[in-house]
Structure formats: C-alpha cells, structure tokens
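For reference, the structure is listed below as structure tokens.
Nothing in this text is a laboratory measurement; each read-out follows from the coordinates by a stated rule. These numbers come from a predicted model, not from an experiment. Please note: Cβ atoms are built from the backbone with ideal geometry, for glycine as well, and neighbour counts cover all protein chains shown.
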Amino acid sequence: MKRLGLIVNPIAGMGGAVGLKGTDGELTLRKAISLGAKPVAPARAELFLQCLKPVNDRIQLLAGAGIMGEYAAKHTGFQCTPIGERSEKTRADDTRAHVEVIVSKGVDLLVFCGGDGTARDIMNAAGTRLPVLGVPTGVKMHSAVFAVKPESAADLATSFLFGNLPLREAEVMDIDEEAFRQGRLSAQLYGYMLVPYEPRSIQSVKVASPSTEVEMRNQAAIAVYLLDKVLEPNVIYILGPGTTTRTLTDLLGEEKTLLGVDLLRDRKVIARDVNEREILERTKGKKAKIIVTPIGGQGFIFGRGNQQISPAVIKQTGKHSIIVIATKRKLEEMGRLRIDSGDPELDRQMRGHIRVVVDYGEEHIVPIE
C-alpha cells in the first residue's frame, strides 16, 4: 500500500471566470461570489481521483476533512482518513496545518488542488520534506509544480507511486494579485518543491515575451495581417490577454486590457476586461470569434489566465471560430499547444491540430494536446 495525501483549496480558481484574476483575500472572494462565481476545485479533485481509480485498492488516502478533500474522495468511491476538522470556510492556516499532519504520517506523495497561492502555502509548510504534485485549479498558474491537467496528475501520481518516475526541484512562483488586476505583472520566485517529473505532463514556468525588436516586429506583422485579411465587419472578436493580442488594438489606436479579456467590433473596443457572463450576454445570437495567444513557456490557449473564455463561451462561439496567434519564437520554444478548459469532453474535442498565425500571411499547423 502507498500513502497518498490530498488537500483541496475549495475556493481556488473561483475568481477566473468572473474576471478577478485570482481569489486571494476575503474581500476578493466575497466579490467573486457576488458576481456569481462557483467552486471549481472540488470537481477538479474528483476528476483527478476518478482517473486514479485503477489503483484505488493499492492506496491509503489521507485527505483534508470535509471540503478540503474528504468529500471529493467519498464522491469518487475512495476510502480516506480525514485530516483536521470539517469547516464550511477554510484559510491558508488550515492548509498549512493539514500539511504538517500529512508530513508526520509519512505519506509517499502529497497532491493538492489549487493555484500558485496554495502552492506557496504547501511549500511554506512542507518545504522539500516530501514529494508534492499540484492539480491545476487556480487562475494564475505560474509555478512549475502543476500537472498540465487533472488527468495528467493522476498519471504522474500512479507512475511515481508504482513506477520509477524521478523527482526534481520545481519552482514555486506567485504574483501580486492587486497589481495584476491593474495590468501589471510582477512574478516572484518563492522557493522550490520536489515534484515527480515527466516533461510532457508537468507544466513549465510561465515565460514572458521578450521586448526585443525582432519580437515586436513579428507581433506587429501578425496584427497587420489580421487587420488586412482576417477581421470581418459586424463580428465581435473576443480578445484574450497578452502583448501579441494587444498589438492589434495598439495599431487601431484602441486601449486593451493587457491581462484581461476585451471585445472588439468594427475595429473598436466595445467592452474592456469582461467576465464570462458579460461575454455570453454580449455575443448571444451574434457572430463572434475568439483571438488568443498561447501562454509563453506553457502553451495553453485556454485554461490559464483567460478563464473568462470558458467552455460555455467556446461552445456558444463555436470551436471553429478560434483564431490562434503566436510569434515564431514563442511557437518554436513550445512546439505544441495545450488546452485545459475545465470541460474534459470539450478538451477531447479540441485535440488534433489548429492553424496558428505566426507572421503576415504565414500560418503553421500545430498539434493541440
């Protein structure tokens, strides 16, 4: 029998679809709930455990009590030993206290469901005393301690517990959420944790686009091509975050939210920093398309930093209405694209290949995993 620890941060990721770019702090959580935010972490935990079912009878599970892991285990048919007291509200202190107990029990692997903030809490309590693996559930997701999706986390956990998967020290990163909401990205390295490593299943640290002349010329060429050959009248374009998408609005003399999602129609920004609900309302019954650029170093086109473009938005718009743009440097470094929308069936439908605009009149066919 292998001993597996599980901790779920039940509020992780709630700020994504409502456009808050994180859920750190009580005030932010209250605002997220007032905007209609729903928990996403429990479902992600259950998906992870469901994919772990083939080795259920070979695992002794220790899970945070109640909403911090126990309920997800019970919903998926896992027997577990609850850690701590059940509570309807949880804090970072609860996470750290649960980690201390799990470490003392000598588990073989600790899995957590959360984002960068949760990773910091786990690291502060555990350090490098035991192997740790993150199930991606948050909004920011800059750290390199996360599997690329819950299904990959189950594969990694199984290979590590019952195989010979190696460990490596992986970076724990986090950003200033308040600065992020104001359009300033300030990422910081906080430390390292020991993580089971398989390069195709673990996400890399997010890499910002360099401000070189070559990069900016490439971004400008992509934007000019979109203006000349792609943009259609009376179509609403849902513009994802990033400097490459912002270059398009810069050429139009329009202001774009660098780290948010905006709506463009007839070459004018008609709504800035919109959330999922606003996108669905403004595009309902209208022709709309999505323009996104992949996360540097990670390759995600959906599910990291742009959760406002939710599965519901993609389905309403149509998966064939997605336009992906990326500079040649960025695409060469990644080699492939990823999607972790939160809807496993949609992700499966999106797998295959997609056209990516990489320069004026130049497109590459790129695989999506």
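Using only Cα atoms, figure out Rg for segment 2-196 and give it as a multiple of 2.2 N^0.38 Å. Working shown, then result.
Numbers: Rg = 15.6 Å, N = 195, 2.2 N^0.38 = 16.3 Å.
Cα Rg divided by the expected 2.2 N^0.38 Å: 0.96.
Can you sort HIS364, HIS353 by how many other beta carbons sit within 10 Å, fewest first? Don't skip to the answer; put the middle values down first.
Numbers: HIS364 16, HIS353 12.
Neighbour counts put them in this order, fewest first: HIS353, HIS364.
Dividing the convex hull volume of the Cα atoms of the chain by its residue count, what figure in Å³ per residue is obtained? Could you put the intermediate results ahead of the total?
Values: hull volume 46.5 nm³, N = 369.
Taking the convex hull of the Cα positions in the chain, it is 126 Å³ per residue.
On a 0 to 90 degree scale, rounded to 10, what angle separates helix 243-252 from the longest Cα axis of the chain?
Tilt relative to the chain: about 20 degrees.
Give me log10 I(q)/I(0) at q = 0.14, 0.16, 0.26, 0.28 Å⁻¹ for segment 1-62, Debye formula, one equal scatterer per alpha-carbon, no solvent.
-0.51, -0.60, -1.00, -1.11
If we count trypsin sites (Lys or Arg not before Pro) as exposed when they sit in a DSSP loop and have at most 16 other beta carbons within 10 Å, what is the longest stretch of the chain that avoids them all?
Details: sites that count: ARG86, LYS89, ARG91, LYS105, ARG129, ARG184, ARG200, ARG267, ARG272, LYS284, LYS286, LYS287, ARG336, ARG351.
Result for the longest clean stretch: 1-85.
Which pairs break 22 Å Cα to Cα here: LYS31/LYS140; LYS149/LYS319; LYS289/LYS315; LYS38/LYS286?
Details: LYS31/LYS140 18 Å; LYS149/LYS319 20 Å; LYS289/LYS315 11 Å; LYS38/LYS286 26 Å.
In this structure, LYS38/LYS286 lie more than 22 Å apart at Cα.
Sticking with the crude label model, points 7 Å out along Cα→Cβ, report the distance from ASN234 to ALA92 in nm, one decimal please.
5.2 nm
Once you have the alpha carbon radius of gyration of segment 213-368, what is it after dividing by 2.2 N^0.38 Å, with N set to its residue count? Walk me through the numbers before you get to the answer.
Numbers: Rg = 14.2 Å, N = 156, 2.2 N^0.38 = 15.0 Å.
This ratio for segment 213-368 stands at 0.95.
Would you compute the Debye intensity of segment 65-141 from its alpha-carbon atoms alone, equal scatterers and no solvent, and pass along log10 I(q)/I(0) at q = 0.18, 0.25 Å⁻¹ to two decimals?
Debye output, listed in q order: -0.74, -1.43.
GluC sites (Glu not before Pro), restricted to segment 79-120: which are DSSP loop and have at most 16 other Cβ atoms within 10 Å?
Values: sites: GLU85, GLU88, GLU100; in loops: GLU85, GLU88.
For GluC sites (Glu not before Pro) across segment 79-120 that sit outside H, G, I, E and B with at most 16 neighbouring Cβ atoms in 10 Å, the list reads GLU85, GLU88.
Please go through segment 229-293 and write out the GluC sites (Glu not before Pro) that DSSP classes as loop and that have at most 15 other C-beta atoms within 10 Å.
Working: sites: GLU254, GLU255, GLU276, GLU278, GLU281; in loops: GLU254, GLU255.
For GluC sites (Glu not before Pro) across segment 229-293 that sit outside H, G, I, E and B with at most 15 neighbouring Cβ atoms in 10 Å, the list reads GLU255.
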